[in-house]
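The values are calculated or read from the model by the stated rules, or taken from the named source; none is laboratory data. What you are looking at is a predicted structure, and each value in this text was computed from that prediction instead of being measured. A quick note on method: Cβ atoms are made from the backbone with ideal geometry, for glycine too, and the neighbour counts reach across all protein chains shown. Just the protein is used for accessible areas: all its heavy atoms, side chains included, with ligands, DNA and RNA removed. Shrake-Rupley method; radii C 1.70, N 1.55, O 1.52, S 1.80 Å.
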Amino acid sequence: MKNLKLWTFMTAALMSSTAQASSVYVREIKVDGLERVEPETVMSYVDVKKGSIISQSRLDTSLKQLYATGLFNDVRLDVQENGLLLIKVVENPVISKVLFDGNDKVDDSMLESEVRLTPRSMYSRSKVQEDVQRIIDLYKRTGRYAVVVEPQIIKRDQNRVDLIFNIDEGPLATIDKINFIGNVHYSDDDLQEEIMSKESRWYRIFSSAENYDAEKTNYDKELLRRFYYRRGYADFNVKSAIAELSPDKKSFVLTFVVDEAGRYKVNSVNITSEIAEVNVDDYQDELELESGDWYNSELVDKTITALTDALGRKGFAFVDVEPVLNKDTTNNKIDVTFNIREGSRVFVDRINITGNTRTHDEVIRREFRIEEGDAFNASKIRDSRRNVENLDYFSKVDIETEAKDDNKADINVKVEEKSTGYFNVGVGYSTVNGALVRAGVVENNFRGVGQRLGVDASVSQRAQEYDLSFTEPYFLDRRLRAGFDLFRSETDYQDEGSYDSETTGGRLRLGWNYTDDLSQQVRYTLRQDKISNVDEDASIYIKEEEGSYSDSSVGQTLVYDKRDSALNPKEGYFLSFGNDVAGVGGDEKYLKFDAKAYQYFTLADYYTFKFFINGGYITGYNGQDVRLSNRYYLGGSTLRGFDVAGIGARDKYTDDALGGNWMLYSGAESIFPIGLDEIGLKGRTFVDVGMLGKPDYMDSRYVEYSSSPRVSVGFGFQWLSPMGQIDIDFGFPIVKEDYDETQIFRLNFGTRL
């Protein structure tokens, strides 16, 4: 429309002056209205010369060329009958200053680098509008789609102006709703847990996940592919990801259209080689996939890495391992063949990292499986990218290879940082601890060096807990997780044992991984336990332990974790074994052993089953009994349907719980959707079985005790709420002793394995 108006004006200006132009010779050319521009400059853009015949086309070309210079606000060409061509111009003013007003979220320097108009340049409306659009585009890239930019000019003397861009930045455009279309095997809730974009919620005020970002949405598509590829859906495809902006430009609705296609099981796994010197039989142990497994792209990548490393140890530095998939879509079977071939003889020259304004380069470099000077290896670069992404410090990680001369290449890493700190606060009620208030702060990238710092406090009617923890993930520049914990708790056990308990102490930790799944941690714990406010009618065994005792212990835990997710497992298993020895100083002397085993599997892609068994044993040595604070107790959050410390040895006369020296807790649980996935609420049913061993002393005249199994069944709900996981359970004991304490309803905060 703007161009049409300009053309109409130009045509009108020429009509009267060129009616007889075809018969007029140019005798003289004059320029009128110049202030700063030289006449020679104007003449250089005019396609008419002295002595030439004036034509419509030449005047038209001259007019357009003069406007195109950007020097003039108005141009008229007037042809006189005596052969005089009079060029009348109105010069555009010169910009004296370019100013920005109203910009709080984007600083002046960023805006100055975006606009094209600068001081001493010529002002023109078209260029101003172009710069307005550039500013709007810049704000859109930061997530502010409701931005309004109004240009304003202030006239100065000597045909100068100040140009001011008045900016109303508007709010960040949040994601109001995320829809998934085409997902049959996994719910919307399952898929939302996998992507970075999140729906706007009041409790995400400290997170940028709810802010719309087009690049983040593209990365979400890749995360969805990875999610399905790990679970056997080798033909999965994201057909589209559409972002619809609301009329007020303040929020988006994201819609992902997916095609799950079929789920494949592995039919066969083979290795082939185009290198004659490679004997494929020597590398069969490196295969992560087996026949009968669900296809898993992550295991394919791990196999590529394992084969590449093994070949490198045999002297084959320049190899490519390519997976070849042969799909039987009729029977949903897939053959996986890893083909080994010669790779390009290229070395890594430089690893360049950009975009990390807070995170130190070393935090990123130490996640790389390849170093400067190494042979170029695409598999190791893919692993490096995955390692950097798994840090969860960045909203985007791009790695590009730049070829150089002399068989060298640079690896260019570009990251975009995101918030790595979390603040949570909540109030609620627990049948175990009563009304409670909880608050905590966690920073996963403390000081930009990858350290984790957490502070947590919980105060309820019967318990107060305070914790401070710190972890260094690369202790001594090695893959060692070192850290410490400081803790204090005060708990009212008057109902269960007629006493109060206080614990104050600290712990030093050191952990490492043998493989991606196998890890170990060693620890040293020093704490002081205090038994106080013992009721005068309490059990004699509790009265004997009133006072303070120090506990100095060393221990370790070995973990083998094959779950598909640590937060929301659906497949796989978890095993752990730990033991502690107290007596390295302190008052306590005991040996303690604990073991856990969990198995998960999912039917019909919605119904998850969990089977578990926990066991523990503790015994004193050098003639010392195990004290109350170190014994095992079952009930409440363990062994649902029974009250806290509801089973086990109990004083006949005071009804105080005395705990036990060994414990066995097992059961089965099913978790299923109830139509409220959007708010994170699911249903469950369970069967719990528990046994508690006797304490060191056992006098049947004063203590009731039975080690027979207790069994409960029930149903409940788990809610992944803004304050963490909330468990609501209704448990019904079906095997119990007469003196056991039961609890039908239980509401509790916390996360269970």
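Counting only residues that are over 55 Å from the mean Cα position of the chain (by Cα) and either crowded, with 19+ Cβ neighbours inside 10 Å or free of Cβ contacts under 8 Å to residues at least 40 places away in the same chain (or both), how many does the range 77-101 have?
Selection size over the range 77-101: 6.
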Output the residues belonging to the range 469-518 that are part of a strand (DSSP E or B) and among the hydrophobic types (A, V, I, L, M, F, W, C). F470, A482, F484, L486, F487, L508, L510, W512, L518
Do we have I334 as hydrophobic (A, V, I, L, M, F, W, C) and under 22 Å from the mean Cα position of the chain (by Cα) here? no
So, in the range 589-614, exactly how many residues are more than 32 Å from the chain's Cα centre (by Cα) and surrounded by fewer than 17 Cβ atoms within 10 Å (Cβ to Cβ)? 2
Need pairs with beta-carbon distance below 6 Å; first residue closer than 25 Å to G170 by Cα and within the range 241-261, second aliphatic (A, V, I, L, M) and open to solvent by 30 Å² or more (accessible area, probe 1.4 Å); sequence gap 6+ or separate chains. E244/V253; F252/A243; F252/L245; L254/A243; T255/I242
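Look through A668, A657, A649, A645 and report the one residue that is more than 14 Å from L692 (Cβ to Cβ) and hydrophobic (A, V, I, L, M, F, W, C).
A668
Looking at the range 37-48, can you tell me whether even one residue there is in contact (Cβ under 8 Å) with a residue 24 or more places away in the chain and assigned to a helix (DSSP H, G or I)? First the steps, then the outcome.
Narrowing the range 37-48 to residues in contact (Cβ under 8 Å) with a residue 24 or more places away in the chain: 37, 41-42, 45-46, 48.
Still in the running and assigned to a helix (DSSP H, G or I): 41-42.
Yes - at least one qualifying residue is present in the range 37-48.
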In the range 530-564, the residues that are at positive phi and aromatic (F, W, Y): none
Any residue that is assigned to a strand (DSSP E or B) and under 44 Å from the mean Cα position of the chain (by Cα) - is there at least one of those in the range 102-122? no
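For (1) over 30 Å from Y139 (Cβ atoms); (2) among the aromatic types (F, W, Y); (3) modelled with pLDDT of 90 or more, each residue gets a yes or a no:
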position	(1), (2), (3)
F227	yes, yes, yes
R231	yes, no, no
V253	no, no, yes
N296	yes, no, yes
Say we look at the range 651-666 and pick out the residues that are assigned to a loop (DSSP other than H, G, I, E, B) and buried (at least 20 other Cβ atoms within 10 Å of the Cβ); which of these is modelled with the highest pLDDT? N661
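How many residues are closer than 25 Å to W719 by Cβ and either at pLDDT 80 or above or not in a helix (DSSP H, G or I) (or both) when one looks only at the range 201-222? Before you say what the answer is, go through the steps one by one.
From the range 201-222, those closer than 25 Å to W719 by Cβ are 201-210, 220; that's our starting set.
With the extra rule that they be either at pLDDT 80 or above or not in a helix (DSSP H, G or I) (or both), the set shrinks to 201, 205-210, 220.
Looking only at that region, the number is 8.
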For D108, only one of the following conditions fails: (1) surrounded by 14 or more Cβ atoms within 10 Å (Cβ to Cβ); (2) modelled with pLDDT under 90; (3) touching a Leu at 6+ places or on another chain (Cβ under 9 Å). What is its number? (1)
Considering the range 466-525, residues that are β-branched (V, I, T), closer than 23 Å to S629 by Cα and free of Cβ contacts under 8 Å to residues at least 40 places away in the same chain, and then whichever is least open to solvent (accessible area, probe 1.4 Å), we arrive at T491
Output for Cβ contacts, cut-off 7 Å, separation at least six or different chains, first residue within 13 Å of R527 (Cβ to Cβ) in the range 542-563, second open to solvent by less than 60 Å² (accessible area, probe 1.4 Å) and small (G, A, S), reads S550/G586; D551/A582; D551/G586; S552/A582; S552/G585; S552/G586; S553/A582; G555/G578
Residue list for the range 133-147, filter: open to solvent by 60 Å² or more (accessible area, probe 1.4 Å) and within 30 Å of V90 (Cβ to Cβ): Q133, R134
Within the set of pairs 6 or more residues apart or between chains, which connect a residue that is within 13 Å of V48 (Cβ to Cβ) inside the range 59-76 to a residue that is modelled with pLDDT of 80 or more and among the basic types (K, R) with Cβ atoms less than 9 Å apart? L63/R76
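Which members of the range 49-92 meet the condition of being over 30 Å from Y123 (Cβ atoms) and either part of a helix (DSSP H, G or I) or not small (G, A, S) (or both)?
K49, K50, I53, I54, Q56, S57, Q80, E81, N82, L84, listed by residue number.
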Taking the range 259-277, which residues are open to solvent by 20 Å² or more (accessible area, probe 1.4 Å) and of a type in the set (A, V, I, L, M, F, W, C)? A261, V269, A276
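So that you can scan it fast, the table gives a plain yes or no per residue for (1) in contact (Cβ under 8 Å) with a residue 40 or more places away in the chain; (2) open to solvent by 50 Å² or more (accessible area, probe 1.4 Å); (3) in a strand (DSSP E or B); (4) touching a helix residue (DSSP H, G or I) at 6+ places or on another chain (Cβ under 9 Å):
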position	(1), (2), (3), (4)
Q152	no, yes, yes, no
L163	yes, no, yes, yes
N166	yes, no, yes, no
P171	yes, yes, no, no
I178	yes, no, yes, yes
Y186	yes, no, no, yes
D190	yes, no, no, yes
E199	no, no, no, yes
Flagged in the range 449-465 as surrounded by fewer than 17 Cβ atoms within 10 Å (Cβ to Cβ) and not in a strand (DSSP E or B), in numbering order, are V449, Q461
Within the group N267, N218, which residue is within 27 Å of S565 (Cβ to Cβ) and free of Cβ contacts under 8 Å to residues at least 24 places away in the same chain? N218
May I ask you to say which residue of T118, T69 is more than 30 Å from S395 (Cα to Cα) and open to solvent by 40 Å² or more (accessible area, probe 1.4 Å)? T118
